[in-house]
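What follows is a short report on a single structure.
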4 protein chains.
Amino acid sequence: MAQVTNEDLKARLARVEGQIRGVSKMLDEGKYCIDVLDQITAARRALEKVALLVMSRHMNSCVKKAMAEGRGETLTDELVQSLDKFLR
Amino acid sequence: MAQVTNEDLKARLARVEGQIRGVSKMLDEGKYCIDVLDQITAARRALEKVALLVMSRHMNSCVKKAMAEGRGETLTDELVQSLDKFLR
Amino acid sequence: MAQVTNEDLKARLARVEGQIRGVSKMLDEGKYCIDVLDQITAARRALEKVALLVMSRHMNSCVKKAMAEGRGETLTDELVQSLDKFLR
Amino acid sequence: MAQVTNEDLKARLARVEGQIRGVSKMLDEGKYCIDVLDQITAARRALEKVALLVMSRHMNSCVKKAMAEGRGETLTDELVQSLDKFLR
């Protein structure tokens, strides 16, 4: 996987924002709750994808560098803690 | 829990949008990946809260009505399917 | 969806237990971490399916009954709180 | 975080198995659905903790080694893909 750029991440985030605005619009239009929920699910999924890309970039840059310098474990712990929050 | 209004849901969604714009800004400012991840986690969590509120409202309105009319099971199945997508 | 029976739920739980024992065995055999993770993912997914079935049954029995008796909102709140814990 | 041992992981998995057997027992005893759900949530959470520990160990061993040998990106991609499955 090629390193993801800030531009790519920001384009993805802009799309998530658009999806969330779409949810607001669906509420205004009185769309059916289940359709609203499914749209929230899509936005959430897209947001998780951004998180995974940030994580991947972090591992291939900061964590990699830290490992080369013998500080890998600290960054791994930090990442796992952040993941833990993400899962919950 | 009082029935949630569209206004409340939309205010929450606007805050999520703000959080996501905040993530973009953090990327622009070169903020540390872990801080970016934690901000994404916060936005995702806020979005899940909206989903739960929509679900709750759905149960107290559409599902309740359907149950009174003997069509409850169809709507329950539909909701569980939507939840299934949400979980995965 | 036909009402799920305790027997079905217990058979599913027994399979999850088997999957988890399988993870232990993979650790003993020194299997590759990613394969271990994927097996944990499968067990977790199967466990979530049980949760969804319990939720579905709950809605079609207790919640339905409560709604007919005008106590629907209390049970809906309770279910949403439990879902909230489940999500996080 | 000290490297987690297979023994620790297996002890955790054994506890998860116990929790899942507990869910079966609760079903047998006709326990209230919400209490069953909360117990499933606890088991799922404990299982996710095992996944995080496996991931952490993987990063501090296999991924670290691969990075030192210039094969880091392949393993990072692999881990992110596995995480992606885990999240969904």
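The values are calculated or read from the model by the stated rules, or taken from the named source; none is laboratory data. What you see is a predicted model, and the numbers here were worked out from it, not measured in a lab. So basically every Cβ, Gly included, is an ideal-geometry build from the backbone, and we count neighbours across all protein chains shown. Calculation scope for accessible area: heavy atoms of the full protein, side chains included, ligands and nucleic acids excluded. Shrake-Rupley method; radii C 1.70, N 1.55, O 1.52, S 1.80 Å.
Suppose we filter C:A51, C:A11 for residues that are in contact (Cβ under 8 Å) with a residue 24 or more places away in the chain, aliphatic (A, V, I, L, M) and within 18 Å of D:G22 (Cα to Cα); which single one remains? Please lay out each step first, then the result.
On the way: C:A11 fails: in contact (Cβ under 8 Å) with a residue 24 or more places away in the chain.
From the options C:A51, C:A11, the qualifying one is C:A51.
What number goes with the only condition from (1) closer than 23 Å to C:E78 by Cβ; (2) facing chain C (nearest Cβ under 9 Å); (3) assigned to a helix (DSSP H, G or I) that D:K25 does not pass?
Just one mismatch for D:K25, condition (2).
Residues of segment C:29-45 being part of a helix (DSSP H, G or I) and more than 7 Å from chain D (Cβ to nearest Cβ), which ones? Full working, then the answer.
Pass one, segment C:29-45, residues part of a helix (DSSP H, G or I): C:33-45.
Those that are part of a helix (DSSP H, G or I) and more than 7 Å from chain D (Cβ to nearest Cβ): C:D35, C:Q39, C:A42, C:R45.
Among the residues of segment B:17-26, which ones are surrounded by fewer than 17 Cβ atoms within 10 Å (Cβ to Cβ) and among the charged types (D, E, K, R)?
B:R21, B:K25
May I ask you to verify whether B:K49 is more than 8 Å from chain A (Cβ to nearest Cβ), closer than 20 Å to A:L83 by Cα and basic (K, R)? Spell out the reasoning first.
Working: more than 8 Å from chain A (Cβ to nearest Cβ): yes; closer than 20 Å to A:L83 by Cα: yes; basic (K, R): yes.
When the stated conditions are applied, B:K49 passes them.
Go through (1) over 16 Å from A:L37 (Cβ atoms); (2) touching a Cys at 6+ places or on another chain (Cβ under 7 Å); (3) surrounded by fewer than 19 Cβ atoms within 10 Å (Cβ to Cβ) and name the single condition B:A14 misses.
Going through the list (1) over 16 Å from A:L37 (Cβ atoms); (2) touching a Cys at 6+ places or on another chain (Cβ under 7 Å); (3) surrounded by fewer than 19 Cβ atoms within 10 Å (Cβ to Cβ), B:A14 breaks only (2).
Of all residues in segment C:57-82, how many are more than 10 Å from chain D (Cβ to nearest Cβ) and either part of a helix (DSSP H, G or I) or surrounded by 15 or more Cβ atoms within 10 Å (Cβ to Cβ) (or both)? Can you show your working first?
First, pick out the residues of segment C:57-82 that are more than 10 Å from chain D (Cβ to nearest Cβ): C:60, C:64-74, C:76-77, C:80.
So of that shortlist, the ones also either part of a helix (DSSP H, G or I) or surrounded by 15 or more Cβ atoms within 10 Å (Cβ to Cβ) (or both) come out as C:60, C:64-68, C:72-74, C:76-77, C:80.
Residues meeting the conditions: 12.
Condition test on A:L13, is it under 20 Å from the mean Cα position of the chain (by Cα) and facing chain B (nearest Cβ under 9 Å)?
It is true that A:L13 is under 20 Å from the mean Cα position of the chain (by Cα) and facing chain B (nearest Cβ under 9 Å).
In segment D:65-87, which residues are farther than 21 Å from D:L53 by Cβ and either charged (D, E, K, R) or under 16 Å from the mean Cα position of the chain (by Cα) (or both)?
Matches in segment D:65-87: D:E69, D:R71, D:E73, D:D77.
Yes or no: segment C:6-28 includes at least one residue that is under 23 Å from B:R44 (Cα atoms) and either in contact with an Asp or Glu (Cβ under 9 Å, 6 or more places away or on another chain) or at pLDDT 95 or above (or both).
Initially, segment C:6-28 is screened for residues under 23 Å from B:R44 (Cα atoms), giving none.
Checked against the condition, which is being under 23 Å from B:R44 (Cα atoms) and either in contact with an Asp or Glu (Cβ under 9 Å, 6 or more places away or on another chain) or at pLDDT 95 or above (or both), segment C:6-28 yields no hits at all.
Of the residues A:V54, A:V16, A:V50, A:V4, which single one is farther than 20 Å from D:Q3 by Cα and part of a loop (DSSP other than H, G, I, E, B)?
A:V4
Would you check which residues across segment C:43-56 are under 16 Å from D:V50 (Cα atoms) and open to solvent by 40 Å² or more (accessible area, probe 1.4 Å) and list them?
The one that is under 16 Å from D:V50 (Cα atoms) and open to solvent by 40 Å² or more (accessible area, probe 1.4 Å): C:R45.
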